[in-house]
Amino acid sequence: MIGAGSKVLGPIKIGNNVKIGAGAVVLHDIEKNSTAVGVPVDRVIKKTI
């Protein structure tokens with residue numbers, strides 16, 4: 001899921017089951033089962049399933 005107004009800049013790999021918060025700016029890869037927030041993304045919360 002990608003929140004409203006967020007931006008993914010460059011050749012970025014987004015894993016499965018990832019949530020990107022509204023307005024976030026993604027500049028690096030995001031691992032699976034994570035939530036990414038911030039401008040630029042400075043906080044990645046990993047879920048343990």
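The values are calculated or read from the model by the stated rules, or taken from the named source; none is laboratory data. Because the structure is a prediction, the values reported are computed rather than measured. Neighbour counts are summed over all protein chains in view; Cβ atoms, including those assigned to glycine, are modelled from backbone coordinates with ideal geometry. These accessible areas exclude ligands, DNA and RNA; they are computed on the full protein's heavy atoms, side chains included. Shrake-Rupley method; radii C 1.70, N 1.55, O 1.52, S 1.80 Å.
Protection proxy ranking of 25-38, 5-18, by the mean of other Cβ atoms within 10 Å over each peptide's residues and highest first, is 25-38, 5-18.
An ellipsoid equivalent to the chain, defined through the eigenvalues of its Cα gyration tensor, has semi-axes of 16, 11, 9 Å when rounded to whole angstrom and sorted largest first.
Using the 1.4 Å probe convention, the accessible area of the chain works out to 70 Å² per residue with neighbouring protein chains retained. Length gained on full extension, I45 to I2: 14.0 nm, using 0.36 nm per residue less the C-alpha separation. By accessible area, using a 1.4 Å probe on protein heavy atoms only, the chain has 58% of its surface on carbon and sulfur.
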